[in-house]
1. So how much slack lies between E129 and R146, counting 0.36 nm per residue of separation and subtracting their Cα-Cα distance, in nm?
2. Which is farthest toward the positive dipole end of the stretch 50-112 among A76, G99, S54, measuring Cα position about the Cα centre, with Cβ charges +1 (Lys, Arg) and -1 (Asp, Glu)?
3. Where the eigenvalues come from the Cα gyration tensor of the stretch 3-151, what are the semi-axes √(5λ) of the equivalent ellipsoid, largest first, in whole Å?
4. What is the distance in Å between the Cα centroid of the stretch 137-215 and that of the stretch 23-95?
5. Need one word for the stretch 142-248: rounded, prolate or oblate. Basis is the Cα gyration tensor (sqrt eigenvalues a ≥ b ≥ c); a/c below 1.5 gives rounded, then a/b vs b/c decides.
6. Mean residue ellipticity at 222 nm from the helices of the chain, using -39,500 (n - 2.57) per DSSP H segment of n ≥ 4 over the full residue count, to the nearest 500 deg cm²/dmol?
7. If R0 is 41 Å, what FRET efficiency do you get for S406 and R298 from their C-beta distance, rounded to 0.05?
8. How much of the DSSP bridge set in the chain is antiparallel, in percent, rounded to the nearest 5?
Amino acid sequence: MGTDRTAAGQSEMGVVFPRTGSGRSTSALGRAVVADALRAVDPLGSRAAAADTSWRREYRVHFRRLVEAGLLSPDAAVTIARDGLASMQERMKYATIDGEVGLAEAAAMPIAAPLATSTVTGGGRAETELVLPYQGERLRGADLLRRLDTWVAAGIVEPSCAEAVGLVVDNPQWLSLPGQRVAVLGAGAEMGPLTALLRWGAHVLAVDLPRPSIWQRLIGTARRYAGRMQVPASAGHDLDAGTGIGADLLHEMNRVAVWLAGIDGPLVLGNYVYADGAMHTRVTAAVDALTRRLLELRSDVGLAFLATPTDVFAVPAEAVVEATRRWAAREGIGRIRRPLRVVSGGRLLARNYPPGADPGINDSLVVQQGPNYALAKRLQRWRATQARSDGLPVSLRVAPATRTRSVIKNRLLAAAFAGAHRFGIEVFEPATSNTLMAALLVHDLCAGRPAEDHPWRDEAFAAAHGGLWRQPYAPRSVLGIAVLFGAGTARG
């Protein structure tokens, strides 16, 4: 959830929000970064963001405007990304006992004790075909292709997603990513690709917090499967106990950058970090500073991200056409659409898109997730846009809504997820999502594809949005109804 001030007692060391007259305000940071990102392309939108005094309620308006302004031209989208990244880099600070410095300086600080490398080699046999866990089954071959076709027909994934995964099915030799190394930042994340890549026999560099409970689990996973996992280790570490393993990106991004710079072979830097509230913005800013530093230290780096479906995206005209067809069909709850819209003053069951929009704007921001989450995820999209513009290989794929622990602990979101199927939206289990998205990562790294003519098309390619893009109703206009439908199920 979003917070306006960093919590009392929260660590004031490492990557921190900038100080204002009354403390460290997350809202002030969000307003300023969005205003800076818009200034060159949309001056009016920039002034509106800077002047907004109800940021926690109204931030969604400005995050949508960032997408709309970027549609003016490819240069506009890249300018917004570059300026937003520069603003974040300049405004966020790194606090030490001696004072505060900028993130670029912090990421390049001298290393007193470099991280060593410890290696875990799995003892299992590599899976040599793509197998997708789904509703208690393990789908492979023809069964998996039929599931992909079913998802396309139901509007759960874009056709390009099914085509990309199908290409991986046809080329199982890609699964082990021969000759490549994937650094997984946030290795223990439920949505991350670590487990899938290890099952397939890939070479993974795992980075997560130095907590024995995390590493005991990850090391056990690595030993069980076929891949090779290398981890950052401090002096005196104990691999079996999980002690002295890992690094805190919030405070040690310079150590991690130097460690990754010393790894042999082409490297893909995957950002899968997550934290609650304001901490998510801080750790995302830390990873972005690490990314900038690593790109300075070596020239063979690609980037990988997962985009959340609960954001604002430009979507293809085909998605708009399908949503319009479903609106006209008045299926399901659409049969009582008119009275519900009258009673609600038009707030319920609003159209997802104006007919004929090309591209359409899918606004699936969930206000309850807060502006800190939105800013952190937008920062990743901006980094992907700038990197593509600079000619770097990038994999950024829209992942489906997923029942991760971090989501379902929010009662409102848990209830909305439970009732989402009433509107043609499929919420995935973590094992299905992380395997599907790992397969798309493999596709992007092995098949490759030229950059599209506009950054929004790169983001829309192979999107697994769970149905949010092709349903007839604007997502927020059905959120309350989905919560009512799913409340009992979620409590159960």
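1. Separation in residues times 0.36 nm, less the Cα-Cα distance, equals 4.5 nm.
2. Looking along the dipole axis, the top candidate is S54.
3. In descending order, the three semi-axes are 39, 29, 17 Å.
4. 33
5. Note, shape of the stretch 142-248 comes out prolate.
6. Theoretical 222 nm ellipticity from helices: -15000 deg cm²/dmol.
7. 0.80
8. Antiparallel bridges make up about 50 percent of those DSSP assigns within the chain.
The values are calculated or read from the model by the stated rules, or taken from the named source; none is laboratory data. It should be emphasised that the depicted structure is a prediction, and the values quoted were computed from it without experimental measurement. Positions of Cβ are generated from backbone atoms using ideal geometry, with glycine treated the same way; all protein chains shown enter the neighbour counts. Note: areas computed on protein heavy atoms with side chains; ligands, DNA, RNA excluded. Shrake-Rupley method; radii C 1.70, N 1.55, O 1.52, S 1.80 Å.
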